[in-house]
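Every read-out reported here was derived from the displayed coordinates using simple, explicitly stated rules and does not represent laboratory data. What you see is a predicted model, and the numbers here were worked out from it, not measured in a lab. So basically every Cβ, Gly included, is an ideal-geometry build from the backbone, and we count neighbours across all protein chains shown.
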Amino acid sequence: MINEEGSRRETERRAFPSVFIRKEKMIIRKWRIVVIASLSAILTAIAATVSPVSLMANTWPFDGMYPDKSTHSWCYHSSAGSTLRSYIPGAMNYLYNSTTIPGIPQHATCDTQNSNQDGDPATDVVWRQGNLNGQFGTAPCFVETASNSTHCDQRQITIGVNNIENSDYPHQQYIKTVCHELGHTAGFDHYAGFANPPAIPPGGVLDCMVSGDVKYASNPTGSWIWQYNSHHLSHANSWWP
Amino acid sequence: MKRPIAALALVSALALSGCTGDETFGNPATGQITRGNYKALDVSILRVAESDFQPLSSPEALAKVQPIVAAGVVDGWQEGPALATYPNGPLEHRVVLRIKVTHPLKGIDTEGANSNSMIYVDLFRGAVVRDDSKKPEEWLPKRSLEDFESSIPTGTKAMVFAANHLPYEGSVIKPGVTLSDEAVLTSPPPQGLVFEDQTLVQQKSSDGRALVGGIEPLDVAGTGSGWAEPKNMDDLISRLKSNGFSD
């Protein structure tokens, strides 16, 4: 049978070469679709089975509130102490250097005035410190844009200094949480990488958007504590082209 | 011919990268579903901060570190204070959830003149909406008290794990509804509010789960955590009592 089929195809190829080539291409394409569809189904099933938690943890922006597309300006709230302040510029510079965000100007005083009022946009990020119950930090939207309920004009980050100072690795926790909350202001979602079972990081690489205490990482002092993985960076870079 | 291939590849990539999916544990966190006479709780109104925190692995682990634990029913919502943030800045608006205690489990004084039959839970009310016709301190919160009542109505079964509220760090510009001297104002951690959703009770789903995390989903500690085990508020109360929490 195989020889008969091969002979028939050889005859066809010689008699009608263009028709034969078109048919061959169609067969190849059909098989390609079948293979890709099968792979797709398998990979989707693996993703859903291996880590259902990771599937919920990666919308952008994480709370549906988009940052503005201009610079990502910031200021210190009067509550921010010198220890906390020592961690902020490094995080801001890292965000700027690793993304297409057009600038990270520091505002000497926090404000909500737009460009037409004082020449520059409202401060995007206000850094505060406080005593939080069981939290290292929060970054809620404080001011919603009037003309668009899905845009946030200003987020105020509160760093729970009390909990960080009492953690096992306060220096690394400061770095991770400052990076983490700043990531939220850029719309990045967090994930429960230290949960039971742990969520797989979006993009597969542990970064500062993991929630929780750095002591639960296999390497609490690793460079991941101040880095965003490529998956998160791609979210920022598609928003700030 | 290339489009379907690209689409299939994209579906795979999105699935693997985690750009899809929804909350687990079967708890509707957003959107409200009407079932019979009940409307599903919409806890998204409380999920406005997404804190960086280390989730505790079970209700009893949380009860161990929080000084106040009680179950009860939502008694309503009231204005909290509005706090100064920075000069000429918007105010930080707070909202207070009242929970009428039915099951004191830890740190509740149930007798005498200072009995705590009501717990007051201080919460962030969410963003204000920019209004350039007014000064920033006059900008109003997007969410009204009616929104909170509609999302998590009076009568909803609730459990709170909390600490006594520390003095506000910003100066109080508007006091909100004044609390009595005996009132216990508390601050919950992210896992510190749990509600029972009557639509899930009515639904009688196969897993029977009717509990919903308030500020954070219950599965924030993982689907294998102790939070996955109690199916309703009675289960949760019993679990804590069996772990020695009972005033």
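The table for this structure:
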item: Set of aspartates and glutamates near A:K69 by C-alpha distance (under 14 Å), chain-local residues within fewer than 8 positions excluded; result: A:D120, A:D124, A:D153
item: Cα gyration tensor shape of region A:105-163, rounded if a/c is under 1.5, else prolate or oblate by comparing a/b with b/c; result: oblate
item: Given charges at Cβ of Lys, Arg, Asp, Glu: region A:77-204 dipole, positive-most of A:Y87, A:Y169, A:A186; result: A:Y169
item: Dimensionless Rg/Rh of region B:34-177 - Kirkwood Rh, Rg from C-alpha atoms; result: 1.00
item: Cα shape, region B:89-247, gyration tensor, a/c 1.5 rule; result: oblate
item: Per-pair calculated FRET efficiency, R0 = 45 Å: B:K135 and A:S98 via Cβ, rounded to 0.05; result: 0.75
item: Candidate aspartates and glutamates for bridging to B:K231, where Cα separation is under 14 Å - those fewer than 8 sequence places away on the same chain excluded; result: B:E196, B:D197, B:D207, B:D219
item: Exceeding the 26 Å Cα-Cα cut-off - candidates B:K64/B:K100; B:K100/B:K241; B:K39/B:K142; A:K215/B:K142; B:K64/B:K157; result: A:K215/B:K142
